[in-house]
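Just below is one structure, and these are the notes that go with it.
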Amino acid sequence: MVGAMNNERERQIFAQRFGLFIGLATIVMLFVAMTSALIVRQGAGNWVNINLPYQFWISTAIILLSSVTMFISKKAHKQMEVQRFRIFFWATFILGVAFIINQWLGYFALAKSGFYINGINSYQYVYVISMTHLAHVGVGLLILLYTGIKTSVQKFNPNYHHIIGFISVYWHFVDLLWIFLFIFFQLKFF
Amino acid sequence: METTETHHGHAHSNTGAYITDHVHYQDVEGVIRSEEDHGHHDSDRNKKNFIHTWIFSQDHKIIGKQFLITGIIWAIVGGAFSNIFRMQLGFPDTNMSWIGNVFGDRWVENGHMTNDFYNMLITMHGTILVFFVLTAGLSGTFANILIPLQCGARDMASPFLNMLSYWFFFMASIVMAASFFLPTGAAGVSWVFYPPLSAIRDASLGSKGGADMWLISMSLFIFSSLLGGLNYITTILNLRTKGMSMAKLPLTIWALLITAILGVLSFPVLLGAAILLIFDRTLGTSFYLDKIYIENVGAQPHEGGNPILYQHLFWFLGHPEVYIVIMPAFGMVSEILSVNSRKPIFGYRAMVLSMLAIAALAFFVWAHHMFVTGLNPFVGSVFVFLTLLIAIPSAIKVFNWLTTIWKGNIKYTPAMLFAIGFVSLFISGGLTGIFLGNSSIDIQLHDTYFVVAHFHIVMGIGAFFGMFAGVYHWFPKMYGKFMNRTMGFIHFWLTFAGAYAIFWPMHYQGLAGVPRRYPSHAGYESFNKFGELSEFITIAALVVFAAQLLFVFNFFYSIFRGKICHEQNPWKSNTIEWTTPIKPGHGNWEGEIPTVHRWPYDYGKDGQDFIPQTMPIQPGESAHHV
């Protein structure tokens, strides 16, 4: 009976994980569309190269660090180290907030340099694509906040591990996505 | 409360308690709960209140019906719009000041509808029919109703997300409907929403607030489609009952799976295009705009963009969207033809492979909508080649459908008639697609009524026929009753003859160069000779619309007063949805979900009329291998 129960539960978790990856595929397609638009525009000529202000470099470091904290948090949950899990989970949340703040500082820096959202084409793409990414980070933060509160006020539940796993996958995904975009913005295709 | 049913052989819900006839559950946090904590199978509806049972239901069948009924309402609205603008085209001298009484005097000028009103009608007709009816209403309905039932699952992988999928569609509907009540009206820049008309607020009346609401509505709609598609794929690939290998799946499920894959890969691209458009409209960016001057408004402060970029992004969705619309019909028609011919489907593997081939090619042909945009002729020839390749799998499907019914013991139910009608329309509309796939011909015929005729026959009326076939066939499963046959036959013949009467003459108009999207052709001497033909088309359109009202009456009448279905398997079909109770509760099967032993098309085998999928292979019996 217990074996069957575990199998069914694993099957359910597998299905949910599968669904999560399909969801990520849809996000990939969204960014494929937007980055393709940038490449097409670049190919049309009269393209001003993008130089991102240092705030975006700091953002990159922050989101990379948040992936590390997420990884440690997930591992701690699996090893049932409650305190460690909570500390690193909340650290991930705080780093996520820091990422968003820093991205906005980056936008302010761009505007201060005269690269407004409706200004030079190449920087328009930086705004629209990075803001779309930021919206995805925002969704991740809401999930982190909800789960963080839930796991803090409730008794530690080891069976919650797969949910932490799902959140971790999503968080690493938005992290990788930003790394890709950060490099992408600075490439010249034509 | 998120729950996971834990009894062997049962699928589960990840949110919300639902049916089961067994004892233990385990929620996602691993807490084992007893049956008393949760709802029961048959008593599910009794215990929950009306709101949870019928409004915010997580039962896939209820959600399917919600999609269907919302789709029907939208179809009436979209169809009525087409009748109104056909009145203008067919009878340009008729006084139409009544429009002012219904929609407001601002839309009437000298007894005729204004050009802006015409633009609004054609935009909303296209948007409503393509997205709200033939995507949500068709795919949303039958994916929800059939996937768990034909795969052998209690519900979707995530019933909660499934419910959200409908409610996002509902919100999209509300936003779109509300846009009619703006002083400037709903969007009026055509359903393809091309910039610069769509990107500059001052470009036209239909480019103002209505266009904003169109974009908001479509964003909600895309989110709804993605949630639905994600669920459909996950359920089909992960929650099939025991024995239901991919090779034993009914073609309906294959079609719905491929439709969902097309949707999750292409709708995000449209969302990306919409985000750039929203930025252009609201923040003054120039993704799709370059220097442009608008009469009476002045020069616009945009530079460096290109409206053609939007077309690339739009048609990357737009062409797969054609198959998102038609693919569910492929599947249902295959099923219905086989059941009502009492013969196995001909070439099951070829049917699946051809659907996969069509889906794959769908992503590489988008530029055939753009032959007149100044596309490099070499690139154009590549897209011609890829487009014409689609004829091969399409022809395979047609051949297999015809071979399936060939010498069959055909039961002429309304569903079967609509399925046969679909094949006819797919051939007629598909052939003209070969014309338009050739850039040399398309450049001549682009934006003429030939194009209107082509896509209305193949993906408009064709998909509607698939939808009607599905509704007539699975109505007993949805409501435990039959739809009235006589009304069904009248509906079929009026629609079938009427559809050809509307669209066949349009080919001639198009070949003669009559352009689409013109509010009136009356002022053009070269098109005057088509005046009587236009009258004929309009009369046919009014008759066909009236026939659809008959269908709507039959649908709702049959829900309440229809002949009660007493048989569990009224069509003597092999697929496992007919092994559930006549009106299944949430969870579908009262006991164990049946195990599948064979493919779904054992009709007329070894002297037996039909052998259900649940029947084990007998000793010495040759099983069908795909």
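The values are calculated or read from the model by the stated rules, or taken from the named source; none is laboratory data. If you're wondering where the values come from, they're calculated on a predicted model, not measured in any experiment. No Cβ is skipped: glycine too gets one built from the backbone with ideal geometry, and neighbour counts run over all protein chains shown. All accessible areas refer to the heavy atoms of the entire protein, side chains included, with ligands and DNA or RNA removed. Shrake-Rupley method; radii C 1.70, N 1.55, O 1.52, S 1.80 Å.
Things to note:
- Qualifying positions in the stretch A:72-111 - within 14 Å of another protein chain (Cβ to nearest Cβ), surrounded by fewer than 16 Cβ atoms within 10 Å (Cβ to Cβ) and without any contact (Cβ under 8 Å) to a residue 40 or more places away in the chain: A:111
- Lone unmet requirement of (1) under 24 Å from residue B:120 (Cα atoms); (2) out of contact with any strand residue (DSSP E or B) (no Cβ under 9 Å at 6 or more places or on another chain); (3) part of a helix (DSSP H, G or I) for residue B:527: (2)
- Any hit, the stretch B:541-563, residues being surrounded by fewer than 18 Cβ atoms within 10 Å (Cβ to Cβ), modelled with pLDDT of 95 or more, assigned by TED's automatic domain parsing to the domain that holds residue B:411 and under 17 Å from residue B:473 (Cβ atoms): yes
- Odd one out for residue A:147 among (1) more than 27 Å from residue B:285 (Cβ to Cβ); (2) open to solvent by 50 Å² or more (accessible area, probe 1.4 Å); (3) under 21 Å from the mean Cα position of the chain (by Cα): (2)
- Among (1) more than 9 Å from every other protein chain (Cβ to nearest Cβ); (2) at pLDDT 95 or above - the single one residue A:45 does not satisfy: (2)
- Here residue B:257 meets the list (1) open to solvent by less than 20 Å² (accessible area, probe 1.4 Å); (2) within 21 Å of the chain's Cα centre (by Cα); (3) at the interface with chain A (Cβ under 9 Å from one of its Cβ atoms) almost entirely, failing just condition (3).
- Options A:165, A:138, A:114; residue that is more than 10 Å from every other protein chain (Cβ to nearest Cβ) and either in contact (Cβ under 8 Å) with a residue 40 or more places away in the chain or of a type in the set (Asp, Glu) (or both): A:165
- Qualifying residue in the stretch B:454-467 (condition: assigned to a helix (DSSP H, G or I) and more than 30 Å from residue B:66 (Cβ to Cβ)): yes
- Some residue of the stretch A:27-36 being modelled with pLDDT of 95 or more, closer than 21 Å to residue A:163 by Cα and at the interface with chain B (Cβ under 10 Å from one of its Cβ atoms): yes
- Filter pass, residue B:262 being at the interface with chain A (Cβ under 10 Å from one of its Cβ atoms), buried (at least 22 other Cβ atoms within 10 Å of the Cβ) and either part of a helix (DSSP H, G or I) or not aromatic (Phe, Trp, Tyr) (or both): no
- Considering residues of the stretch B:194-244 that are of a type in the set (D, E, K, R) and in a loop (DSSP other than H, G, I, E, B) only, the residue surrounded by the most Cβ atoms within 10 Å (Cβ to Cβ): B:240
- Of the residues making up the stretch B:588-626, those that are open to solvent by 60 Å² or more (accessible area, probe 1.4 Å) and within 30 Å of the chain's Cα centre (by Cα) number 1.
Residues are listed down the side, and each one gets a yes or a no for (1) open to solvent by 10 Å² or more (accessible area, probe 1.4 Å); (2) among the aromatic types (Phe, Trp, Tyr); (3) over 17 Å from residue B:150 (Cβ atoms):
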{"residue": "B:313", "(1), (2), (3)": "yes, no, yes"}
{"residue": "B:317", "(1), (2), (3)": "no, no, yes"}
{"residue": "B:323", "(1), (2), (3)": "yes, yes, yes"}
{"residue": "B:329", "(1), (2), (3)": "no, no, no"}
{"residue": "B:336", "(1), (2), (3)": "no, no, no"}
{"residue": "B:341", "(1), (2), (3)": "no, no, yes"}
{"residue": "B:347", "(1), (2), (3)": "yes, no, yes"}
{"residue": "B:361", "(1), (2), (3)": "yes, no, yes"}
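- Some residue of the stretch A:16-24 being open to solvent by less than 40 Å² (accessible area, probe 1.4 Å), within 7 Å of another protein chain (Cβ to nearest Cβ) and in contact with a Gly (Cβ under 9 Å, 6 or more places away or on another chain): yes
- Enumeration of residues in the stretch B:83-106 that are under 31 Å from the mean Cα position of the chain (by Cα) and open to solvent by less than 40 Å² (accessible area, probe 1.4 Å): B:83, B:84, B:85, B:86, B:88, B:89, B:90, B:99
- Among the candidates B:377, B:328, B:344, residue that is at pLDDT below 95 and either not small (Gly, Ala, Ser) or not assigned by TED's automatic domain parsing to the domain that holds residue B:246 (or both): B:377
- Residue list for the stretch B:50-67, filter: of a type in the set (A, V, I, L, M) and at pLDDT 95 or above: B:62, B:63
- Filter result (touching a strand residue (DSSP E or B) at 6+ places or on another chain (Cβ under 9 Å) and either within 8 Å of chain A (Cβ to nearest Cβ) or among the aliphatic types (A, V, I, L, M) (or both)) within the stretch B:287-316: B:289, B:292, B:294, B:299
- Selection from the stretch B:424-450 of residues that are closer than 30 Å to residue B:572 by Cα and surrounded by 20 or more Cβ atoms within 10 Å (Cβ to Cβ): B:425, B:426
- Residue B:113 meets each of the listed conditions (1) aliphatic (A, V, I, L, M); (2) under 19 Å from residue B:227 (Cβ atoms); (3) in contact (Cβ under 8 Å) with a residue 60 or more places away in the chain apart from (2).
- The set of residues in the stretch B:165-181 that are aliphatic (A, V, I, L, M) and surrounded by fewer than 21 Cβ atoms within 10 Å (Cβ to Cβ) comprises B:171, B:174, B:175, B:177, B:178.
- Helices (runs of 4 or more DSSP H) (entirely within the stretch B:334-413) containing at least 2 residues that are under 23 Å from residue B:466 (Cα atoms): B:348-362, B:391-405
- Remark: pairs (first residue in the stretch B:562-591, hydroxyl-bearing (Ser, Thr, Tyr); second residue open to solvent by 10 Å² or more (accessible area, probe 1.4 Å) and not in a loop (DSSP other than H, G, I, E, B); Cβ separation under 8 Å; 6+ apart in sequence or on different chains) = B:573/B:610.
- Here B:523, B:510, B:488, B:587 are screened, and the one residue that is assigned by TED's automatic domain parsing to the domain that holds residue B:252 and under 30 Å from residue B:338 (Cβ atoms) is B:488.
- Among the candidates A:86, A:11, residue that is part of a helix (DSSP H, G or I) and under 30 Å from residue B:258 (Cα atoms): A:11
- Restricting attention to the stretch A:144-162 and to residues that are in contact with a helix residue (DSSP H, G or I) (Cβ under 9 Å, 6 or more places away or on another chain) and away from chain B (no Cβ under 14 Å), the residue that is farthest from residue A:56 (Cα to Cα) turns out to be A:152.
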